[in-house]
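To start, the structure itself, in structure tokens.
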Amino acid sequence: MRVSAGLPIGVAALLDGEARQRRALEAELVRRLEGDGFEEVILPILDYFEPYEPLLTSRSRDELYRFVDRDGQLLALRGDFTPMLARLLAPTLESDGVLRRRLEDEPLAYFYRGDVIRFQEARPGRLREYYQIGAEVLGPGKREGEPAVPDEVDERVLRLFFELLGASGNGLRYQVTLGLAGALDRLLLSPPDGLG
């Protein structure tokens, strides 16, 4: 059997200081997220496919790596963090009139980090394995003891994102995906210092 020194299409290894550089940036981003009140969650790379199937478009379904495990269960490799986090938090929120957590009083602010794996057609430079750090806020936040409107929550996350991006300043490439951009227009008109 011939062993190849190469890697599968769409994945990469970090060598010769690249790993150290990424870990240093990651440590700074985590420090800032925790300093802004976000709590880290660690999510598995494998999950059942079934809970997500009704939510998928044909394109997003085609991007997921799925397989049948040894027990006959259809599993998927993590292609995104948000749906899994939402599915795992749902049982702790209001259900059948029983209020387990009140998001109006205490919004949930989480961050996560790790790899996501999605199939992409092979092209030069196109990856199938991505490293992500992301943050989610569930429920309205508060400013100076007053309930906040949802746009303020959006603005909190976007301002933090711009601060994190500005702090990195190391020439790495980034891909930004906004799931909800309610405050984006205001931030683009008056960006934080250093990003104008």
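The values are calculated or read from the model by the stated rules, or taken from the named source; none is laboratory data. Predicted, not measured: the structure shown is a model, and the values here were computed from it. Please note: Cβ atoms are built from the backbone with ideal geometry, for glycine as well, and neighbour counts cover all protein chains shown. Just so you know, the surface numbers come from the protein's heavy atoms only, side chains and all, with ligands and any DNA or RNA stripped out. Shrake-Rupley method; radii C 1.70, N 1.55, O 1.52, S 1.80 Å.
Of everything in the stretch 90-110 that is open to solvent by less than 40 Å² (accessible area, probe 1.4 Å) and of a type in the set (A, V, I, L, M), the residue that is modelled with the lowest pLDDT is L103. When you look at L15, is it out of contact with any Pro (no Cβ under 6 Å at 6 or more places or on another chain), part of a loop (DSSP other than H, G, I, E, B) and open to solvent by 90 Å² or more (accessible area, probe 1.4 Å), yes or no? When the stated conditions are applied, L15 passes them. The residues in the stretch 121-151 that are modelled with pLDDT of 70 or more and either among the basic types (K, R) or surrounded by 13 or more Cβ atoms within 10 Å (Cβ to Cβ) (or both) can be counted, and the count is 14. In the stretch 11-30, the residues that are closer than 14 Å to Q132 by Cα form Cβ pairs under 7 Å with partners that are at pLDDT 90 or above and of a type in the set (K, R), at six or more places apart or across chains, as follows: E26/R113.
On the given criteria, is Y65 over 30 Å from R159 (Cβ atoms), open to solvent by 90 Å² or more (accessible area, probe 1.4 Å) and at pLDDT 90 or above? No; evaluated as a whole, the condition is false for this residue. Taking the conditions exactly as written (under 16 Å from V116 (Cβ atoms), open to solvent by 80 Å² or more (accessible area, probe 1.4 Å) and among the charged types (D, E, K, R)), does R87 satisfy them or not? When the stated conditions are applied, R87 passes them.
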